[in-house]
Amino acid sequence: MKWNLRRVAARQGIWRSDQLHAAFAGVGFNPSPSKVAALWSNRPITVRLDDLDQMCAALDCTVNDLLEAETVRWPSMCEGAGAEPVGDNAGPAGAIRSC
């Protein structure tokens, strides 16, 4: 996921984490200054849904504005497995699935 907090805040004329903290306080969201600084500086590993709702209220945005899905290429299950078939030849006759 891409974290777009700074871009969304900039659309509201917010350029520093202390301004963001003030905007959050305006809607009754009172995270610690260190939490606001961390949200401002880094992509969070976790964010509570309630916190996202309050951030969106403060920034007049949606969750889709703050979080943007990125395409991630996951390794194929067969990468690095060689060309060996997958399955058991000892069972009943049937097709053996290979990678």
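The values are calculated or read from the model by the stated rules, or taken from the named source; none is laboratory data. No experiment lies behind these values; they were computed from the predicted model shown. Please note: Cβ atoms are built from the backbone with ideal geometry, for glycine as well, and neighbour counts cover all protein chains shown.
Numerical summary
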| read-out | value |
| --- | --- |
| Selection count where residues are without any contact (Cβ under 8 Å) to a residue 12 or more places away in the chain and either in a helix (DSSP H, G or I) or crowded, with 16+ Cβ neighbours inside 10 Å (or both), scope segment 23-40 | 4 |
| Residues satisfying the stated conditions in segment 2-17, i.e. under 11 Å from residue 43 (Cβ atoms) and basic (Lys, Arg) | 2, 6 |
| Residue count for segment 1-24, restricted to those that are in contact with a strand residue (DSSP E or B) (Cβ under 8 Å, 6 or more places away or on another chain) and of a type in the set (A, V, I, L, M) | 1 |
| Close pairs from segment 49-75: first of a type in the set (Gly, Ala, Ser), partner assigned to a loop (DSSP other than H, G, I, E, B) and modelled with pLDDT of 95 or more, Cβ under 8 Å, at least 6 apart | 57/27; 57/29; 58/27; 58/29 |
| Total residues in segment 41-66, condition part of a helix (DSSP H, G or I) and surrounded by 14 or more Cβ atoms within 10 Å (Cβ to Cβ) | 10 |
| Residue within segment 33-56 that is farther than 21 Å from residue 11 by Cα, among the small types (Gly, Ala, Ser) and at pLDDT 90 or above present | yes |
| Residues within segment 9-22 that are surrounded by fewer than 20 Cβ atoms within 10 Å (Cβ to Cβ) and closer than 14 Å to residue 54 by Cβ, tallied | 1 |
| Some residue of segment 69-84 being charged (D, E, K, R), modelled with pLDDT under 90 and either within 17 Å of the chain's Cα centre (by Cα) or surrounded by 12 or more Cβ atoms within 10 Å (Cβ to Cβ) (or both) | yes |
| Residues (among the aliphatic types (A, V, I, L, M) and part of a loop (DSSP other than H, G, I, E, B)) located in segment 1-22 | 1, 14 |
